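Visitor: Let me give you the structure first, and then I'll get to my questions.
The values are calculated or read from the model by the stated rules, or taken from the named source; none is laboratory data. No experiment lies behind these values; they were computed from the predicted model shown. In this analysis, Cβ positions are derived from the backbone assuming ideal geometry, glycine residues included, and neighbour counts consider all displayed protein chains. In case anyone asks, the SASA skips ligands and DNA or RNA and just uses the protein heavy atoms, side chains included. Shrake-Rupley method; radii C 1.70, N 1.55, O 1.52, S 1.80 Å.
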Amino acid sequence: SCHAKFFGTSGQSFGAFALRGVFLELEGDSQDYFGKGLSGGALAIYPSKRAVQGGFIAEENVIIGNVALYGATSGVCFVRGIAAERFAVRNSGAWGVVEGVGDHCCEYMTGGRVVVLGAVGDNLAEGMSGGVAWFWDPKGEVRKRSLPAVVEVEALDPKAPHAAYPHELTDLRLLLESHWNFTGSAVAERILQRWPESAAEFTRIFPTEFRRAVEKARDAGKHSPLVSVEDFLPVPGQHIARRPTRKAASSANLLAPGSDIEDLGAMLAKGSRPQRVDEVEKVVKSNRGFLTLDRAELPKREKEERIGDFKEILAPKDEQQIRTQAARCMDCGTPFCHQNSTQRSGCPLGNIIPEWNQLVSQGRWKEAWVRLMKTNNFPEFTGRVCPAPCEGACTLGIIDDPVGIKSVELSIIDKAYEMGWMKPSPPPSRTGRRVAIIGSGPAGLAAADQLNKKGHDVVVYERSDRIGGLMMYGVPNMKADKVDVVQRRVEIMRQEGVSFICGRAGHIGNVQDGHGHDGIALGPSAQQLLDESDAVLLAVGATMGRDMQHIQGRELQGIHMAMDYLTLNTKALLDGGNVGKNWRKWWGTNKSDPSQKPPIDAQGKYVVVIGGGDTGNDCIGTAVRHGARQVVNLELLPQPPGQRAQSNPWPHWPMVFRTDYGHEEAAKVLNHGEDIREYCVSTKEFTGDENGNLTGLKVVTVRWETVNGQMRMVEVPGSERLIRADLCFLALGFTGPEHPLAEAFGVDLDNRGNYQALYEHASADFHTSNPKVFAAGDCRRGQSLVVWAIREGRDAAAAIDKFITSEASATLDQEKTV
C-alpha cells in the first residue's frame with residue numbers, strides 16, 4: 001500500500017486513475033478532474049488546519065473543481081467542501097462524499113455511491129442508470145424537484161429498511177464516519193451526533209432499473225451488485241488510528257490508512273532508545289530502525305582534552321554504532337536528502353544517500369565507498385565541515401531526529417583510506433587539451449579532479465603557499481587536519497597527473513610585466529594563460545570579508561578580519577610542524593616567507609567575536625586554545641528558535657538554535673558553563689587608548705519589529721554598555737570575490753559584484769563574457785557551502801569538457817577540409 005500526503009493546491013487530475021492500495025491525502029484544494037478514472041484508490045481532501053482555525057467554513061466554499069470522479073470505476077473519495085459542476089459524471093463504481101455540488105451531479109452515473117451533505121445544482125441525476133445517491137436534505141427540497149422519471153426519489157426511513165438495500169443505513173453511516181475521520185468534517189460530525197434520528201433527513205435517489213436488477217439478483221441467489229465500501233477504504237483489515245483532536249467514531253468496523261508520518265512522532269520514545277546494537281542485521285531486516293533507534297553523531301574528544309591542542313576534535317569511531325545509525329534510514333520512496341529540490345534543501349551533489357546507508361548497515365563498506373565517490377570528489381571534506389543540508393531534508397526529521405548522514409559519510413571515506421581503497425588512479429590516456437584553474441579551494445579541486453579523469457592536462461594555480469584554499473586556511477585544523485586530510489587528498493590528485501603551482505608562482509599577474517607591487521615576479525599573466533590554455537576556470541572563492549568601516553574606531557589596533565586570524569594561526573601551526581599539546585613551542589617557527597605577518601595571539605586577552613556563523617565559531621575555538629581570558633560572541637539578529645518556525649518548513653534547512661564545538665568549549669572553560677553568545681546586540685563604537693589599541697566596544701541592545709512586511713531594528717533605550725576587549729574578530733561573512741582578476745581576464749561582474757557567468761542548465765553554463773574563461777564556486781554564486789562549491793566545480797568541469805572537446809572536433813574538421 002502507499003499513503004502520500006500533500007499540502008497546497010494541486011493541478012488538474014489529482015489522484016487520476018489511482019489504483020487499489022493507494023491513498024492520497026491533500027490538505028489544501030484541487031483543480032478540475034479530481035479523481036478522474038479512480039480505479040480502486042482512496043482520496044481525501046480538506047482545507048488547511050490554519051485556514052479552519054482562522055474561521056474558514058469548508059462547507060460554504062468550493063474546494064475542488066469541475067468533473068470530479070469522471071469515469072471512476074472503483075475506490076472512494078472524501079471531499080470536505082463543495083465540488084464545482086459535474087461531480088461523479090459517468091461514475092461506474094466509486095464511492096464519494098462531498099459537502100455540496102454544482103450542476104450536473106451524478107449525470108450518466110452507472111454505479112457506486114455518492115453522498116452530498118449540502119446544496120445541489122441543476123440537472124441532478126440526469127441519465128443516471130445505476131448506483132445510489134444520498135442527499136442530506138432536512139427540508140425535503142430535493143424531493144420537490146422535477147427529477148428524471150427513471151429514478152426513484154424517497155426519504156430514508158430509519159425504522160423501515162429498503163427492500164432492495166437492507167444494509168443501506170450501515171453503508172451510509174460508515175461513509176459519514178469515514179468522511180469525518182479522514183477530513184474532520186464538521187457537517188458529518190453534527191449528523192453523526194444525532195444518528196440514527198438524523199438518517200431521516202436524507203433523500204435517496206435509486207435508479208429504478210438498477211433497483212430491479214438488484215432485487216432480481218437477490219431473488220436468484222446471485223452476488224449483489226451492491227458491494228461494500230469497505231472494499232475500497234485504505235488499508236483493509238486495520239482499525240482506525242484516529243487523530244487525538246477528533247472524537248472516536250462509533251463504528252467498530254471503521255477502517256483507516258496507516259498512521260500519518262506527523263502522527264508517528266507521539267509514538268517515539270526519543271532519547272531512551274539505543275544508539276548502538278550488536279545485531280544490526282536484525283534491525284535492517286525489520287525495516288524499523290527509524291522507530292527503535294536514537295540518533296548518534298560521531299563522538300568528540302572531551303572538551304578539557306581537546307582545547308589543549310589543535311588536533312581534530314573527533315574521537316575514534318565505533319564502527320558498530322555507525323552501522324546502527326545507517327540502519328535508521330527509512331529507505332524513503334522519494335528521498336529528499338539526496339536531491340536539491342530547492343536552493344535551501346537536500347544535498348546539492350545528489351549523493352545517493354539511501355543506497356550507501358543501506359550498504360553500511362549491512363557492513364558492505366567498499367560498495368558504499370564506490371557509491372559515495374560517484375557523486376562526491378571530497379567526502380573527507382564534506383564529512384567534516386559541511387553543515388549537512390541532507391540531514392535537514394531527511395524525511396525522518398519530520399517526526400524525529402534525522403539520520404546521522406554526515407557521520408556515515410565521513411566513516412565511509414575514512415574506512416576507505418584505512419583499507420587502502422583510496423589510491424591514485426590516473427586516466428588511461430591524455431587528450432592533449434590544457435585547462436588552467438585559478439584557485440585551489442573545493443570548487444577548483446573538484447573541477448581539476450573531474451577534468452583530469454577525462455584525460456585533460458590540468459594545472460591548478462594557487463597564490464597561497466599551500467594547496468587547499470578554504471579547506472587549508474579557512475577551516476581550522478581541529479575541524480579538518482591539513483596534513484592527514486587535505487594534503488593527503490591533494491597528493492593523490494598530484495599522483496594522478498594534476499599539476500599544482502602555488503605561492504608567488506601561482507599568483508596570476510594582473511599587470512603586463514607580470515610583477516607585483518614589490519617588483520618581485522608573479523606567476524603567468526592572464527594573457528599568457530589564455531594563450532597557453534584551451535580554457536581557464538576562475539575558482540577563487542569569495543574572499544572579500546564584510547567589514548565595519550562605518551563604525552567609529554575601526555582603525556584601532558586589535559580589530560581583525562576573522563579570516564586573517566584563522567589563516568595566520570593555521571599557517572603558524574603548519575610552519576611549526578606541531579598541532580599537539582606542544583604546539584605553542586613551535587608555533588610560527590620555520591617560516592617559509594620571512595616577510596609574512598606574525599600570527600595573532602589571543603593568550604590572556606579579552607576577545608570579542610562579532611558574527612554567529614561557522615567562521616565566528618572557529619574564531620571562538622581558536623581563541624580558547626590560545627588561552628584567552630574571556631570570549632564574548634555578539635550577534636545582531638535574535639536567537640533562533642529551538643525548532644522550526646512555520647516560515648521554515650521541512651525540507652528546507654532548519655534555521656534553529658545550535659551549539660557548535662567552539663561554543664561548548666568557551667562556555668565550559670571560560671564562562672562557568674553559560675553560553676557566551678549575546679543576541680540582538682549592535683556595535684556603536686570601538687574604544688581605544690592613547691596608543692591606538694582597542695580597549696572595548698560600546699554596544700546597545702536592539703529589538704526587531706516588522707514594519708510594512710520588513711524587519712526593522714530599533715535600539716532599546718538605556719541598554720548601551722561597554723564590553724572590554726583587547727581583540728575583536730569580524731566574522732560577518734563575505735561580500736564577494738576580488739575584482740582585479742576579473743579585470744585582467746576581461747570578465748564582467750554581476751550586480752552583486754560576483755564574476756558573471758550563466759547558470760541556466762544550458763550549454764553556455766559557467767561561461768563568462770570572455771569566451772575561453774569560465775567561473776565556478778563562490779566567486780560566481782556568492783558565499784556558500786563547501787558542498788555547493790564541489791557541485792559547481794563538477795558542473796563547470798562538465799561544461800569545460802564539452803567546450804574544449806567540441807572546439808577540438810571543430811579544429812580537426814577544419815584541418816581535414818584544408
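Visitor: Hey, what do the phi angles of the stretch 714-723 turn into as Karplus ³J(HN,Hα) couplings, whole Hz, using 6.51/-1.76/1.60 and θ = phi - 60°, x for Gly and Pro?
Guide: Whole-Hz 3J(HN,Hα) from phi for the stretch 714-723: 10, 6, 8, x, x, 9, 5, 7, 10, 10.
Visitor: Output wanted: per-residue J couplings in Hz (rounded whole) for the stretch 541-548, from phi through Karplus 6.51 cos²θ - 1.76 cosθ + 1.60, θ = phi - 60°, x for Gly and Pro.
Guide: Per residue, the Karplus-derived 3J(HN,Hα) values read x, 10, 9, 7, x, 6, 10, 10 Hz.
Visitor: For the stretch 352-473, what is the convex hull volume of the alpha-carbon atoms per residue, in Å³?
Guide: 122 Å³
Visitor: Where does each of 49-58, 441-450, 481-490, 284-293 land if you order them by average Cβ count within 10 Å, highest first?
Guide: The packing order, highest mean first, is 441-450, 481-490, 284-293, 49-58.
Visitor: Measuring from label point to label point, each 7 Å out along Cα→Cβ, what is the E154 to R504 span in nm?
Guide: Rounded to a tenth, the inter-label distance reads 10.6 nm.
Visitor: Could you please state how large a percent of the accessible area of the chain is carbon and sulfur, counting protein chains only and using a 1.4 Å probe?
Guide: Carbon-and-sulfur percentage of accessible area, whole number: 49.
Visitor: Please give every one of the aspartates and glutamates within straight-line cross-link reach of K270, meaning a C-alpha to C-alpha distance under 12 Å, and leave out same-chain neighbours fewer than 8 residues apart.
Guide: D294, D400, D401
Visitor: Going by average Cβ density within 10 Å per residue, which order do the peptides 458-469, 651-662 take, highest to lowest?
Guide: Listed from highest to lowest mean packing, they are 458-469, 651-662.
Visitor: Something else about it: For the stretch 1-69, I need the span (max minus min coordinate) of the C-alpha atoms along each principal axis, in Å, sorted largest to smallest.
Guide: Computed over the Cα atoms, the extents are 35, 25, 17 Å.
Visitor: Here is a follow-up. Along its three principal axes, how long is the stretch 685-818 when you only count alpha carbons? Whole Å, largest extent first please.
Guide: Answer, in whole Å and largest first: 82, 45, 25 Å.
Visitor: For the pair Q320/D689, report the inter-label distance in nm, with labels modelled 7 Å from Cα in the Cβ direction.
Guide: For Q320 paired with D689, the spin-label model returns 5.9 nm.
Visitor: Near the amide H of G696, under 5 Å away, which other amide H atoms are found, from residues 5 or more places off or on another chain, if H is placed in the peptide plane?
Guide: T687, A725
Visitor: State, to one decimal in nm, how far the label point of R494 lies from the label point of V62, with both points 7 Å from Cα in the Cβ direction.
Guide: With each label point 7 Å from Cα toward Cβ, the separation is 7.1 nm.
Visitor: Mark the label point 7 Å from the Cα of Q12 along Cα→Cβ and return the residues of the stretch 87-107 whose backbone N is within less than 17 Å of it.
Guide: The answer is 87-89, whose backbone nitrogens lie closer than 17 Å to the label point.
Visitor: Could you give the size of the charge dipole of the chain about its Cα centre, using +1 on the Cβ of each K and R and -1 on the Cβ of each D and E, expressed in debye and rounded to the nearest 20?
Guide: 1460 debye
Visitor: Nearest 5 percent is fine: what portion of the DSSP beta bridges confined to the chain is antiparallel?
Guide: Close to 35 percent.
Visitor: Let me ask something else. Can you match volume of the Cα convex hull per residue in Å³ to one of these, (i) 240; (ii) 231; (iii) 354, based on a calculation from the structure here?
Guide: (ii)
Visitor: Next question. Give me the compactness ratio for the stretch 1-158, meaning the Cα radius of gyration over 2.2 N^0.38 Å.
Guide: 0.99
Visitor: Okay, next question. For the stretch 317-394, just say rounded, prolate or oblate: build the C-alpha gyration tensor, square-root its eigenvalues into a ≥ b ≥ c, call rounded for a/c under 1.5, and beyond that prolate if a/b exceeds b/c, oblate if not.
Guide: Prolate shape, in that a/c is at least 1.5 and a/b is the bigger ratio.
Visitor: Given a 1.4 angstrom probe, what's the average accessible area per residue across the chain, in square angstrom?
Guide: Per-residue value: 44 Å².
Visitor: Here's something else I'd like to know. Would you mind checking K453/K571; K453/K772; K479/K684; K479/K585; K311/K423; K300/K406 for any pair whose Cα atoms are more than 26 angstrom apart?
Guide: Distance filter (> 26 Å) returns K453/K571; K479/K684.
Visitor: Here's something else I'd like to know. Could you go through the stretch 524-534 in sequence order and give the Karplus-derived ³J(HN,Hα) for each residue, using 6.51 cos²θ - 1.76 cosθ + 1.60 with θ = phi - 60°, rounded to whole Hz, and x for Gly and Pro?
Guide: Karplus-based 3J(HN,Hα) across the stretch 524-534 equals x, 7, 4, 5, 4, 5, 4, 6, 8, 10, 7 Hz.
Visitor: Can you give me the C-alpha center-to-center distance between the stretch 545-578 and the stretch 161-182, rounded to a whole angstrom?
Guide: Spelled out, the Cα-based centre of one part sits 75 Å from the other.
Visitor: By average Cβ neighbour count within 10 Å, what is the ranking of 85-95, 696-706 from highest down?
Guide: Output ranking for 85-95, 696-706: 85-95, 696-706.
Visitor: Could you please state, rounded to a whole Å, how far the C-alpha centre of the stretch 183-220 is from the C-alpha centre of the stretch 449-485?
Guide: Answer, in whole Å: 74.
Visitor: Same structure again: Only four residue types carry charge here, +1 at the Cβ of Lys and Arg and -1 at the Cβ of Asp and Glu. Report the dipole size of the stretch 455-503 about the Cα centre in Debye, rounded to the nearest 20.
Guide: 160 debye
Visitor: Is there a pair in K366/K802; K317/K482; K5/K317 whose C-alpha atoms are over 28 Å apart, and which pairs would that be?
Guide: With Cα atoms farther than 28 Å apart: K366/K802; K5/K317.
Visitor: Which value, in Å² and to the nearest 10, is the accessible area of D331 when all protein chains are kept and the probe is 1.4 Å?
Guide: 110 Å²
Visitor: Also, I was wondering about something else. Rounded to the nearest 0.05, what FRET efficiency do W586 and R430 give with R0 = 51 Å and r taken as the Cβ-Cβ distance? Could you check?
Guide: Once the sixth-power term is evaluated, E becomes 0.75.
Visitor: Here's a follow-up. Counting only helical runs of four or more DSSP H residues, what would the 222 nm mean residue ellipticity of the chain come to if each run contributes -39,500 (n - 2.57) and the total is spread over all its residues?
Guide: -8000 deg cm²/dmol
Visitor: Dipole size in debye (nearest 20) for the stretch 1-99 around its Cα centre, Lys and Arg Cβ +1, Asp and Glu Cβ -1?
Guide: About 280 debye.
Visitor: Suppose R0 equals 30 Å. What FRET efficiency, 1/(1 + (r/R0)^6) with r the Cβ-Cβ distance, do D564 and S806 give to the nearest 0.05?
Guide: My answer for the efficiency is 0.10.
Visitor: Residues of the stretch 640-666 with the amide nitrogen closer than 16 Å to a label point 7 Å from the Cα of S48, along Cα-to-Cβ, please.
Guide: Flagged as within label range: 645-652.
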